[in-house]
Amino acid sequence: GAGGRGAAMHTQLAALAGLLHATSVEAAVRVAVKEPMLLIMDPTEMATRLVHVSRCFRHVDGSLQVTAERAARHPWLLTVSSASLSSKLSALGASLHISPSSCQELAAAYPAILNQSAANLQSKVEMLLESIPRSSLQAMVFRQPSLLCRSVAKILASLQSLREVTSMSRSDVVDVVEKRPGILTRSTLAPGRCYRALSIWRLSQSEKRQLIKAHPLLLQLSPREVHFRCRWLRALMESNGFFHSALRRLPPSLLGALILHLPCAWCRLQYLAESNQEGSVSLTETLS
């Protein structure tokens with residue numbers, strides 16, 4: 001009857017709570033909502049799979065306590081066989097040419113990487129390697145593991161869009177996204193819009209390229225934010241002759257740093273302009 005089913009459900013949730021070191025049955029319910037299969041899985045099987053998951057992460061931290069916490073955040077890990085997890089880690093290592101411990105480090109940082117087939121993982125890496133050198137791709141996925149869950153078509157479209165907008169070589173574009181691979185997690189057109197928004201004055205293409213080579217993080221701001229920061233600096237230049245001259249003399253690398261850190265610097269810049277103390281502090285000091 002309903003009472004028997006309710007008791008069985010409570011027993012299952014209590015077993016799950018114990019396995020995952022959950023603080024309460026309510027916490028186990030939240031885990032089960034994410035992965036309902038755990039409500040019908042034999043508790044002994046769940047315990048066995050938890051041990052298997054811990055072995056798959058043994059080079060990072062394979063303790064059962066840490067593994068239980070990882071499984072509570074990513075309960076689908078308990079629904080995958082140990083053979084499947086191992087094959088996915090092996091495919092990752094073989095395609096990226098990285099060690100087993102590096103594979104585990106990558107998967108621990110972003111477990112969703114393992115929520116796709118080994119064949120899909122390998123195919124994705126192979127397609128990316130046609131446009132990105134292996135050493136660059138390795139650096140990119142360690143900085144932004146979620147790239148391996150993103151569509152290859154979108155990543156390649158973002159690279160192509162950036163090349164077209166900036167007129168940069170493929171290797172220069174790869175250098176930029178290698179430093180800040182989060183650029184490739186945005187919409188395909190967003191980085192190009194950020195690039196076009198860099199217009200305090202009529203910056204040359206060469207100056208803009210130097211800006212983003214020195215500070216790729218600029219391409220992770222929203223185009224609207226870049227536009228407002230540039231507009232604020234332009235207004236400062238138009239109202240103050242000293243800053244007009246000083247900003248025009250800044251090399252692109254320092255100008256990029258100023259745009260990037262403007263939220264921290266603009267109060268100081270405004271104070272200096274209004275108190276006629278512009279020459280008392282260098283522009284680089286306003287960033288500190």
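The values are calculated or read from the model by the stated rules, or taken from the named source; none is laboratory data. Because the structure is predicted, anything quoted here is derived from the model rather than measured. Here the Cβ is made from the backbone with ideal geometry for all residues, glycine too, and neighbour counts use every protein chain on show. Note: accessible area is taken over every heavy atom of the protein model, side chains too, but ligands, DNA and RNA are not part of it. Shrake-Rupley method; radii C 1.70, N 1.55, O 1.52, S 1.80 Å.
A few comments on the model shown:
- Span per principal axis, largest first, for the Cα atoms of region 170-286 (Å): 45, 23, 23
- Those residues of region 189-214 whose amide nitrogen sits under 12 Å from the label point placed on R248, 7 Å along Cα→Cβ: 201-202
- Mean projected area in nm² (Cα convex hull; one quarter of hull surface) for the chain: 19.8 nm²
- Degrees, to the nearest 10: 118-129 long Cα axis against longest axis of the chain: 20 degrees
- Rounded Å value of the spacing that divides the Cα centres of region 1-79 and region 103-161: 29 Å
- Debye intensity ratio in log₁₀ form over the Cα atoms of region 70-229, taken at each q of 0.08, 0.11, 0.13 Å⁻¹: -0.27, -0.49, -0.64
- Largest-first principal axis extents of the Cα set of region 69-109 (Å): 30, 20, 11
- The peptide list 143-150, 116-123, put in order of mean Cβ contacts within 10 Å with the highest first, becomes 143-150, 116-123.
- A Förster radius of 22 Å combined with the Cβ-Cβ distance from S63 to A27 puts the calculated FRET efficiency at roughly 0.65.
- Surface share of carbon and sulfur [accessible, 1.4 angstrom probe, percent] for region 184-288: 51 percent
- For region 129-178, a Kirkwood radius taken over Cα pairs fed into Stokes-Einstein (20 °C, viscosity 1.002 mPa s) yields D = 193 µm²/s.
- Of every Cα-Cα pair in region 149-208, the percent that sits beyond 20 Å: 22 percent
- Over the chain, accessible surface divided per residue gives 48 Å², non-protein components excluded, 1.4 Å probe.
- Full-extension gain in nm, E45 to A139, via 0.36 nm per residue minus C-alpha separation: 30.1 nm
- Ellipticity at 222 nm from helices only: DSSP H runs of n ≥ 4 in the chain, each -39500 (n - 2.57), divided by the residue count, give -20500 deg cm²/dmol.
- Against the chain, whose longest principal axis is taken from its Cα atoms, helix 64-73 shows a tilt of about 70°.
- All alpha carbon pair distances within region 15-87 were sorted into 10 Å bins beginning at 0; the resulting P(r) in whole percents reads 22, 58, 19, 1.
- Highest-MSF residue in the chain out of D42, D61, D175 [GNM, Cα springs under 10 Å]: D42
- Lysines whose Cα lies under 26 Å from that of K154, excluding same-chain neighbours fewer than 8 positions away: K88, K124, K179, K208, K213
- Loop-located chymotrypsin sites (Phe, Trp or Tyr not before Pro) in region 189-245 (DSSP state not H, G, I, E or B) with no more than 14 neighbouring Cβ atoms inside 10 Å: W201.
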